[in-house]
């Protein structure tokens, strides 16, 4: 979904790109190899998983987007044709300020693309082991590392407030099918987050085990959290 949207937004030859929270460099590599952009600056707090060997067009930078130094001290204003962040801002404080900061790095006509998690049904859905596990997961993430997905649906609004135009958004929710890859992903995620989840008091270990069994059951249907992607452009020069 990410690469298709970036291609539709015009990412291609000549573009200078900033990938914030680059992780393993998947998006940065795609931009260089498939989209053929001129340059990617891949930024992360920890660059361990980014390519260690030189890659043409790729610059890796260890930096914290929440730091006061992230901005004019590192980059000239208006430097990038694309600023991209996926599953980053949802874990950080002051998202409105971060959107404004990232928008300020765009060249005229440049595009800001933000993707983060949304959960459309957990709070409103019926009480099941699956929905309880999801509620406990989000609460545990919020209490331990500050994750807050309640801001994510407001990204288009924040982009408009930051002066961007042609703002739009889309949501992708992959299917949750018995024994499928998404179910296995959530089971692994819950296993890693068990301590934080059980600390909320919403679930115990037995409840998590029951929720994981439901993920393999043809008798259960549910809707997974998905990914919202929002984008907007800095106005071109008159």
Matching residues in the range 43-83 - criterion: being under 23 Å from residue 149 (Cα atoms) and touching a helix residue (DSSP H, G or I) at 6+ places or on another chain (Cβ under 6 Å)
83
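Table: residues versus (1) assigned to a helix (DSSP H, G or I); (2) under 30 Å from residue 109 (Cβ atoms).
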residue: 144; (1), (2): yes, no
residue: 151; (1), (2): yes, yes
residue: 160; (1), (2): yes, yes
residue: 196; (1), (2): yes, no
residue: 203; (1), (2): no, no
residue: 206; (1), (2): yes, no
Selected residue (criterion: farthest from residue 174 (Cα to Cα)) from residues of the range 1-14 that are in contact with a strand residue (DSSP E or B) (Cβ under 9 Å, 6 or more places away or on another chain) and surrounded by fewer than 22 Cβ atoms within 10 Å (Cβ to Cβ):
14
Here is a check on your reading of the model: is residue 179 surrounded by fewer than 13 Cβ atoms within 10 Å (Cβ to Cβ) and modelled with pLDDT under 95?
yes
What strands (runs of 3 or more DSSP E) completely inside the range 26-98 contain at least 1 residues that are without any contact (Cβ under 8 Å) to a residue 40 or more places away in the chain and crowded, with 16+ Cβ neighbours inside 10 Å?
39-44, 58-62
Just wondering, is there one or more residues in the range 115-138 that are surrounded by 21 or more Cβ atoms within 10 Å (Cβ to Cβ), under 19 Å from the mean Cα position of the chain (by Cα) and under 24 Å from residue 37 (Cα atoms)?
yes
Quick check on my filter: what residues within the range 99-114 are surrounded by fewer than 19 Cβ atoms within 10 Å (Cβ to Cβ) and assigned to a loop (DSSP other than H, G, I, E, B)?
104
Can you pull out every residue in the range 168-190 that is more than 19 Å from residue 121 (Cβ to Cβ) and either in a strand (DSSP E or B) or free of Cβ contacts under 8 Å to residues at least 12 places away in the same chain (or both)?
168, 181, 188
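The values are calculated or read from the model by the stated rules, or taken from the named source; none is laboratory data. Since we're looking at a predicted model, the values are computed, not measured. Neighbour counts are summed over all protein chains in view; Cβ atoms, including those assigned to glycine, are modelled from backbone coordinates with ideal geometry.
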